[in-house]
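The values are calculated or read from the model by the stated rules, or taken from the named source; none is laboratory data. Being a predicted model, the structure only gives us computed values, none of them experimental. Cβ sites come from the backbone with ideal geometry, for glycine too, and all protein chains shown count toward neighbours. Quick note on the areas: whole protein, heavy atoms, side chains included, nothing else; ligands and nucleic acids left out. Shrake-Rupley method; radii C 1.70, N 1.55, O 1.52, S 1.80 Å.
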Amino acid sequence: MSTLRTSIAGAPIVVTGATGKLGQLIVERLVALKEPVRVFTRRPDVARKLFDESVQVAPGDFGDRRSLDAAVRGTKRLLLLSPISARLVTDQIGVADAAVAAGVERIVKISGSDWTIDPPGNSISGDAHAAVERHLASLPPVAVSLRPNAWMQVSLANTIRQAIANNTVAAPKIEAGVGYIDARDIADVAIHQLLAERVSGRTLNLTGPDIVTARQVAELLSTVLERSVAAVDKAPVPTSHDADFEHRAIAQFVRLIAAGRAAATTDVVRSLLGRPPRSVASFISEHVAAKAALAES
Ligand SMILES: NC(=O)c1ccc[n+]([C@@H]2O[C@H](COP(=O)([O-])OP(=O)(O)OC[C@H]3O[C@@H](n4cnc5c(N)ncnc54)[C@H](OP(=O)(O)O)[C@@H]3O)[C@@H](O)[C@H]2O)c1
């Protein structure tokens, strides 16, 4: 980070989705670097608990343009993140348009995994992120879209929880690999792209260092837990016809992963940060140790 220099002279960096899983990691890093931060949230009390007085809190809702206008006033850089939902396109375009009206110069968007976006038509979530990426490309600010592969802190953490409970790792296809990425690496890249003097304004496909299958996850867990953990094929639970956007999107992720689409790695994290991305093996060791410490306390 020492080579980074901001040219934003005291203007707060606005972070949407700041109280969520990835947003918290991004805000913590900006605060540690003594960058002024303004978080946009429907829950100012939660933001205060998470970040104390270290950040400005802009209360509001993506659907409320006035609150967005107030949140982006005076900012030059924006971190754009919103959850998977039927409103993702409307919400993110609303934030981006308010930011443009306020004179924002750079937008760093947390997008969907590359394999959900390209080729189009396979993922309602990926298609929604792609629509936002296209909109950003038509706007004056430099826009960088980060396309992280599946996060260790979400699907892999869930797998670890299940393995601890019942000694199995269940997946629709246990030989399908995933280039899991640690959310801390996504946050580090987001900080790099927010603070770097210049960015190239393109999409960045972020992955971890290895492609790991469910069978390999079970082997790693067997070693760390010092007991046998089995990898078992398990048919995906069918999605009901009236399932909401998020559940339909997740069902599509499961199918695409089983088809091997997430089995990819890139060198982007290493080339931007000058160090390798965190591995699945170290995430599993750390996660299991943290759970054991919690159980003992
Ligand atoms: N998990 C993965 O493997 C993966 C992979 C690739 C991409 N992604 C992308 O990552 C994003 C999700 O990130 P996450 O898991 O960190 O999110 P998250 O934990 O679900 O947090 C969602 C955030 O959005 C805010 N929010 C929701 N509705 C809002 C509204 N109407 N107005 C203002 N703020 C609102 C929430 O803030 P308040 O509740 O405080 O208002 C919260 O901070 C999605 O876009 C997803 O496509 C995830």
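Computed over protein heavy atoms with a 1.4 Å probe, the accessible surface of the chain works out to 47 Å² per residue.
Please list, in order, the residues from segment 124-147 whose amide nitrogen is less than 17 Å from a point placed 7 Å along the Cα→Cβ vector of residue 255. Correct set: 124-128.
Relative to the longest principal axis of the Cα atoms of the chain, the long axis of helix 280-296 lies at roughly 90 degrees. Each Cα pair under 8 Å and six or more residues apart adds its separation to the average, and for segment 1-143 the resulting relative contact order is 20 percent. For the listed peptides 138-144, 98-104, a ranking on the average number of other beta carbons within 10 Å per residue, highest first, reads 98-104, 138-144.
Shape verdict for segment 223-297, please, from the Cα gyration tensor: rounded (a/c under 1.5), prolate (a/b greater than b/c) or oblate. Judged from the Cα gyration tensor, segment 223-297 comes out oblate (a/c at least 1.5, b/c at or above a/b).
Between segment 119-138 and segment 234-297, how many Å separate their Cα centres? Between the Cα centres of segment 119-138 and segment 234-297 lies a distance of 21 Å.
To the nearest ten degrees, helix 124-137 and the longest principal axis of the Cα atoms of the chain are 30 degrees apart. Computed with a 1.4 Å probe on the full set of protein chains, the accessible area for residue 161 sits at about 120 Å².
Once the Cα atoms are used to define both axes, helix 183-195 deviates from the longest principal axis of the chain by about 20 degrees.
Restricting attention to the chain, close to 5% of DSSP beta bridges with both partner residues there are antiparallel. Note on residue 53/residue 87: beta-carbon distance plugged into 1/(1 + (r/R0)^6) with R0 of 25 Å gives a FRET efficiency of 0.20.
Overall form of segment 252-295: oblate. Here a/c, set by the Cα gyration tensor axes a ≥ b ≥ c, is 1.5 or more, and a/b is not larger than b/c.
Report in % the part of the accessible area of segment 137-267 that belongs to carbon and sulfur, leaving out ligands and nucleic acids; probe 1.4 Å. Heavy-atom surface of segment 137-267 belonging to carbon and sulfur, 1.4 Å probe: 52 percent.
Solvent-accessible surface of protein heavy atoms, probed at 1.4 angstrom with all chains present, puts 76, 173 in the order 173, 76, largest first.
Stretching residue 237 away from residue 264 to a fully extended chain increases their span by 7.2 nm, per 0.36 nm per residue minus the current alpha-carbon distance.
The share of alpha-carbon pairs in the chain lying farther apart than 25 Å comes to 50%. Full extension of the segment from residue 219 to residue 43, taken as 0.36 nm per residue of separation minus the current Cα-Cα distance, would add 59.3 nm. Normalised by the number of residues in the chain, the mean separation of alpha-carbon contacts (under 8 Å, six or more apart) gives a relative contact order of 17 percent. The modelled label-to-label distance between residue 286 and residue 131, using points 7 Å beyond Cα along the C-beta direction, is 3.6 nm.
Rounded if a/c is under 1.5, else prolate if a/b beats b/c, else oblate: with a ≥ b ≥ c from the C-alpha gyration tensor eigenvalues square-rooted, which is segment 1-115? Rounded is the answer for segment 1-115, as its axis ratio a/c remains below 1.5. Per-residue ellipticity at 222 nm computed for the chain from its helices equals -13500 deg cm²/dmol, with DSSP H segments shorter than 4 residues left out and the rest contributing -39,500 (n - 2.57). Rolling a 1.4 Å probe over the protein heavy atoms of segment 8-88, with every protein chain left in place, gives an accessible area that is 52 percent carbon and sulfur. Approximating the spin labels as points 7 Å out from Cα along Cα→Cβ, the residue 61-to-residue 271 distance works out to 4.3 nm. One decimal place: the segment residue 21-residue 33 gains 2.4 nm when fully extended, by the rule 0.36 nm per residue minus the C-alpha distance. The aspartates and glutamates within cross-link reach of residue 109, meaning a Cα-to-Cα straight distance under 14 Å and a gap of 8 or more places when in the same chain, are 91, 97, 133, 188. Here residue 49 is the anchor, and the lysines within straight C-alpha reach of less than 22 Å, apart from those fewer than 8 places off in the same chain, are 21, 34. Here residue 244 and residue 167 are evaluated by their C-beta separation; at R0 = 35 Å the FRET efficiency comes out at 0.60. When restricted to Cα atoms, segment 55-118 yields an Rg and a Dmax of 12.2, 37 Å, respectively.
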